[in-house]
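The values are calculated or read from the model by the stated rules, or taken from the named source; none is laboratory data. Nothing here was measured: the structure is a model prediction, and the numbers come from that model. Glycine gets a Cβ as well: all are built from the backbone with ideal geometry, and neighbour counts include every protein chain shown.
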Amino acid sequence: MSDVKPAAKREVFGSRFAFIAAAIGMAVGTGNIWRFPRDVHAWGGGAFLLAVVVANLVWAIPILMAESYMGSKARLGTVGAFRDFVGRRFTWMGGFMAVVTIAIMFYYSVVCGWAIRYFVYAVTGRFEQGITVDETTGIWEGFIDNGAQTVLFHAIAIGLVGFIVYRGLKRGFEAVLKIVVPALFVMLTILAIRALTLDGAAEGLRYLFVPEWDLLGNAELWLQAFAQMAFSTGAGWGLYLTYCVYMRRREDFALNATAIVAGNHLASLLAGIAVICTVFAVGGVALADEATGAGNEGLTFIYLAALFGDMPGGTYFFAPLFFLVLALAGVSSLIAMVELAARNVVDLGMRRERAVPLIALVAFLVGIPAALNLDYLSNQDNVWGIGLLISMLFVAIAMMKYGLEEVRREMNADSDFGVGAWWTLLIRIFPVMFAILFGWFLYQSVTEPGNAWWDPFDTFSLAAMVVQWVVVAAILLVLNNALARRVSHGPLTASGVGRERQIGR
Amino acid sequence: MDAETWVWTLILFGGTIVVVAFLMFWAIKKDREKVRQGTHDEEG
């Protein structure tokens, strides 16, 4: 244990509700709204949902519990937490986790900017009655090809989020998220109810919820469900670890993680009903297949935008509401990403008042290529999205290195339901599950026809991914000792490691 | 809407609503107990 006392007074979430709301806001992002409905539609509706529930139980909840333990005990961001849990030689692992999420932050701000732009389009009545798919395609292409606009809305997104995070926990993200996240659920519920009351919505419900049992025997469905869960719940991103730095002492680990995963799943289902039932009811079965096959942006910004024009009340109420939900879901996740970056930079010794504006500026500048080039954004999404799986593996390794039984005993002391041997078992077998999912991904990359997997300059190639991961890991390995020295002390920091923390940071 | 769709919607969607409501209720109830007992030993 360190002989240096941690900060005498630190900010903590004011209530458990505020903490869970913030964490659900972290997990619920644009993926819940534009990716989840497409995946469910593509993978057999109810069968896919059952597989997602299993993936949540055996993968997301145990990993989030582990992140929660690391953040609340280390009281440091990802870099410091890995130093104190795995050992100073492995500080780079926390750095890798941070870099993956920060790299996502750079382009995610651009995506939030798109949602804000479409909210503005909707509010100004752009999706009027009778608008066609060709016309919404023209609006999308006109926007995405206009670099000044995509960069402007990217700046608005990161500027807004930077301002919220700059104000800190109590006056900033806690205050915002404990209102925004419940409001998000209310708005999603309104959209879902509206979709359910449209003629023909039942066909959408059938697609969403009735399982095609044959598909449960398909290995690819399970792998897709685990992949969807990995990207959706926030497990392995380090975001939950970061929020748990602000947990009160003696706070629960198990119930919170379960509530967050369940809340995230509910948001996905509400979005699924809102999107799929609207597409089926207004567009019909043929258009539903076309729309859900058109990619995230195609479904949302082209097909749904057109369908709102054909829906009673669509132009001036439901379209603005939908794009507001999309923007708020994105912003609530982006807040957590900026806070992750800020927490690590503050741990390295910079004052928060300097760190957050600097992070926002860097995020704006580094995000510009993604705002100007859709291929680059897709490349980054692919590289760092899959990189999250590696971060999850690092969390499991950290737990095993620290001692699974000790962690479980300490979790049990504060958790509202017992953390049984199931938790240690699931963390222990995590590397096997990782190897299966990652191996499947590698196999797909190599065998997919037309995919130049060896070409590092191909947008979706395996080589493009591996090269970027290796470069980041190599730089972090070189910086490992410097990072271990520079990151401030926490309650678990060994004597002689890390920098003395200054009160109030 | 046919019976099969009703049943599966109730199980998968209704079940999720019930689970989320139950977990949130439980979490907030436990939180109030801990605050009353001063277990958190820390104020937000």
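Go through region A:427-456 and give me each residue that's of a type in the set (A, V, I, L, M) and not in a loop (DSSP other than H, G, I, E, B).
Here is the first cut: in region A:427-456, the ones of a type in the set (A, V, I, L, M) are A:427, A:429, A:432-433, A:435-437, A:442, A:446, A:452.
A:Ile427, A:Val432, A:Met433, A:Ala435, A:Ile436, A:Leu437, A:Leu442, A:Val446, listed by residue number.
Taking interchain pairs and intrachain pairs at least six residues apart, which have beta carbon atoms under 9 angstrom, with the first residue in region B:15-38 and more than 9 Å from chain A (Cβ to nearest Cβ) and of a type in the set (Val, Ile, Thr) and the second outside any helix (DSSP H, G or I) and surrounded by fewer than 19 Cβ atoms within 10 Å (Cβ to Cβ)?
Hits for this filter: zero, empty list.
Go through region A:152-167 and count every residue that is over 19 Å from the mean Cα position of the chain (by Cα) and under 15 Å from A:Tyr108 (Cβ atoms).
Total meeting the criteria: 4.
Consider region A:316-364. How many of its residues are closer than 21 Å to A:Gly94 by Cβ, among the small types (Gly, Ala, Ser), part of a helix (DSSP H, G or I) and more than 14 Å from the chain's Cα centre (by Cα)?
Here the count works out to 4.
Output the number of residues of region A:442-495 satisfying the condition of being aromatic (Phe, Trp, Tyr) and at pLDDT 90 or above. So that I can check it myself, show each step before the final result.
Going residue by residue through region A:442-495, those that are aromatic (Phe, Trp, Tyr) are A:443, A:453-454, A:457, A:460, A:469.
Next, only the ones that are at pLDDT 90 or above stay: A:469.
So the count comes out to 1.
Does at least one position in region A:135-143 carry a residue that is under 18 Å from A:Ala329 (Cα atoms) and at pLDDT 95 or above?
First pass over region A:135-143, keeping only residues under 18 Å from A:Ala329 (Cα atoms): none.
Within region A:135-143, not a single residue is under 18 Å from A:Ala329 (Cα atoms) and at pLDDT 95 or above.
Would you point out which residue out of A:Ser488, A:Ser415, A:Ser445 is of a type outside the set (A, V, I, L, M, F, W, C) and under 27 Å from A:Ser378 (Cα atoms)?
A:Ser445
Quick one: which of A:Thr424, A:Thr459 is of a type in the set (S, T, N, Q), in a loop (DSSP other than H, G, I, E, B) and either touching a residue at least 12 places away in the same chain (Cβ under 8 Å) or under 26 Å from A:Asn344 (Cα atoms) (or both)? First the steps, then the outcome.
Working: A:Thr424 fails: in a loop (DSSP other than H, G, I, E, B).
Within the list A:Thr424, A:Thr459, the selection yields A:Thr459.
Given the residues A:Tyr402, A:Tyr376, which is the only one that is among the aromatic types (Phe, Trp, Tyr), in contact with a helix residue (DSSP H, G or I) (Cβ under 9 Å, 6 or more places away or on another chain), closer than 15 Å to A:Ser109 by Cβ and surrounded by fewer than 21 Cβ atoms within 10 Å (Cβ to Cβ)?
A:Tyr376
Criterion first (under 24 Å from A:Pro211 (Cα atoms), in a helix (DSSP H, G or I) and in contact with a strand residue (DSSP E or B) (Cβ under 8 Å, 6 or more places away or on another chain)) does A:Ala47 satisfy it?
So A:Ala47 fits the description; yes.
Scan region A:190-235 for residues that are more than 14 Å from chain B (Cβ to nearest Cβ) and farther than 30 Å from A:Leu437 by Cβ and jot them down.
A:Ile190, A:Leu191, A:Arg194
Condition test on A:Leu76, is it within 21 Å of the chain's Cα centre (by Cα) and within 14 Å of chain B (Cβ to nearest Cβ)?
The answer is no for A:Leu76.
Six or more apart or on different chains, Cβ under 7 Å: which pairs go from a residue in region A:176-199 that's surrounded by fewer than 22 Cβ atoms within 10 Å (Cβ to Cβ) to one that's hydroxyl-bearing (Ser, Thr, Tyr) and at pLDDT below 95? Could you list them?
What qualifies is A:Leu198/A:Thr278.
Being within 30 Å of A:Glu251 (Cα to Cα) and surrounded by 22 or more Cβ atoms within 10 Å (Cβ to Cβ) is true for just one of A:Phe82, A:Phe127, A:Phe48, A:Phe90. Which residue is that?
Result of the check over A:Phe82, A:Phe127, A:Phe48, A:Phe90: A:Phe82.
Name the one entry in A:Leu177, A:Leu208, A:Leu198, A:Leu221 that is hydrophobic (A, V, I, L, M, F, W, C), over 30 Å from A:Pro312 (Cβ atoms) and modelled with pLDDT under 95. Lay out the reasoning, then the answer.
Details: A:Leu177 fails: modelled with pLDDT under 95; A:Leu208 fails: over 30 Å from A:Pro312 (Cβ atoms); A:Leu198 fails: over 30 Å from A:Pro312 (Cβ atoms).
When all the criteria are applied, what remains is A:Leu221.
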